[in-house]
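The values are calculated or read from the model by the stated rules, or taken from the named source; none is laboratory data. What you see is a predicted model, and the numbers here were worked out from it, not measured in a lab. Note: ideal-geometry Cβ built from the backbone for every residue, glycine included; neighbour counts use all protein chains shown.
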Amino acid sequence: MQPNSTQVKFFYLFGLQETFNNKSVYFILSLITYLLIITVNLTLIITIIQQKGLHEPMYIFLCSLCVNGLYGTTGFYPKLLLDLQSDVQVISYGGCLTQAYVIYTSVMCEMSTLTVMSYDRYVAICRPLLYHTIVTSLTVRKLLLFSWCYPLFISLIALSLTVRIPLCGSRIDKIFCDNPSILKHACLPITINQILNKCIIVVHVLQLLFIVFSYCQIVRNCVKSAKGRIKFTQTCVPHLIAMVIYITVTLFDTLQGWSNVNITLNMRNAMAIQFLVIPPVLNPVIYGLNLKQIRRAVFRKCNAHKIIDMKH
């Protein structure tokens with residue numbers, strides 16, 4: 001360990017320094033957002049699980065996307081709500097690493113799931129006669145395993161590489177912990193960490209290229225007929241919207257996390273939490289509104305509850 005390094009036991013989160021005068025407002029908005037995320041995602045998850053007609057690959061992958069939305073936001077909102085009620089925002093070393101791991105995993109899982117969903121749509125639209133032969137129940141399980149195990153494993157490696165680095169500081173200028181913020185205080189070179197980060201970026205770029213290729217094939221196939229265009233609009237447009245939102249907001253946070261761009265604290269916070277707010281809220285809403293089967297299932301469930309309430 002370096003002479004100037006210390007055994008960091010706590011990190012101080014300075015991301016809320018400019019919100020002291022409006023903490024109650026931010027607390028209410030954050031609580032409403034978190035409750036909304038829980039409500040819309042759980043509604044979609046429960047609907048898909050309960051309705052046997054929705055036990056198809058596309059809806060199973062959508063269910064996985066919603067589970068990931070709940071998983072990622074659980075690593076962020078409870079701590080944020082506590083911080084908004086405290087005068088000093090402190091998090092333990094272990095808590096900081098755990099939060100970074102959960103958020104890191106969630107971000108990568110989102111990309112993996114979107115990649116898997118694009119593959120499913122490609123086979124369904126471009127190879128419809130072979131769909132049930134290619135996308136079997138075993139294939140679905142393997143794809144789900146990939147979309148979750150790869151992020152969990154890579155995040156664990158990244159966390160292990162971070163733990164071995166002695167730190168010379170404990171200030172984090174964000175409202176949550178992440179790997180770049182922790183490693184900015186490294187007392188030793190972080191070459192291996194940076195190499196791993198670049199490898200992850202390369203994998204994400206390859207996944208993005210695969211998604212683009214899949215949708216180029218889908219569009220080329222769909223424009224040939226009116227039926228194809230309708231199918232594309234109903235099942236692929238929601239996925240495309242979710243993908244564009246995710247890539248945009250994640251790119252913002254990645255660029256500001258690993259670069260030394262001078263921006264205001266409020267702007268940094270706004271960029272940092274976009275992928276923890278926008279995709280978890282919009283994904284289930286976008287899919288719920290655009291996919292007829294889900295919309296009908298939700299309405300049927302709501303009407304059934306109304307009938308039961310009226311009887312009582």
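Some notes on this structure:
- The residues on offer are Cys187, Cys177, Cys168, and the sole one that is surrounded by 13 or more Cβ atoms within 10 Å (Cβ to Cβ) and either closer than 30 Å to Lys23 by Cβ or of a type in the set (Phe, Trp, Tyr) (or both) is Cys177.
- Top-ranked residue in region 1-23 [being touching a helix residue (DSSP H, G or I) at 6+ places or on another chain (Cβ under 8 Å) and in a helix (DSSP H, G or I); ranked as modelled with the lowest pLDDT]: Thr19
- Restricting the first member to region 190-210 and to residues that are surrounded by 11 or more Cβ atoms within 10 Å (Cβ to Cβ), and the second to residues that are of a type in the set (Ser, Thr, Tyr), the beta-carbon pairs closer than 8 Å and six or more apart or on different chains are Asn193/Thr162; Ile201/Thr254; Gln207/Ser112; Gln207/Thr115; Phe210/Thr115; Phe210/Ser118; Phe210/Tyr119.
- Options Gln194, Gln217: the member that is touching a Cys at 6+ places or on another chain (Cβ under 9 Å) and among the polar types (S, T, N, Q): Gln217
- Any helices (runs of 4 or more DSSP H) falling wholly within region 152-243 and containing at least 3 residues that are of a type in the set (S, T, N, Q) and either modelled with pLDDT under 85 or within 15 Å of Met111 (Cβ to Cβ) (or both): 191-222, 226-235
- Residue in region 144-156 that is among the β-branched types (Val, Ile, Thr), exposed (fewer than 13 other Cβ atoms within 10 Å of the Cβ) and free of Cβ contacts under 8 Å to residues at least 60 places away in the same chain present: no
- Any hit, region 44-60, residues being touching a Pro at 6+ places or on another chain (Cβ under 8 Å) and farther than 25 Å from Phe153 by Cβ: yes
- Any hit, region 94-106, residues being farther than 21 Å from Leu196 by Cβ and under 18 Å from the mean Cα position of the chain (by Cα): no
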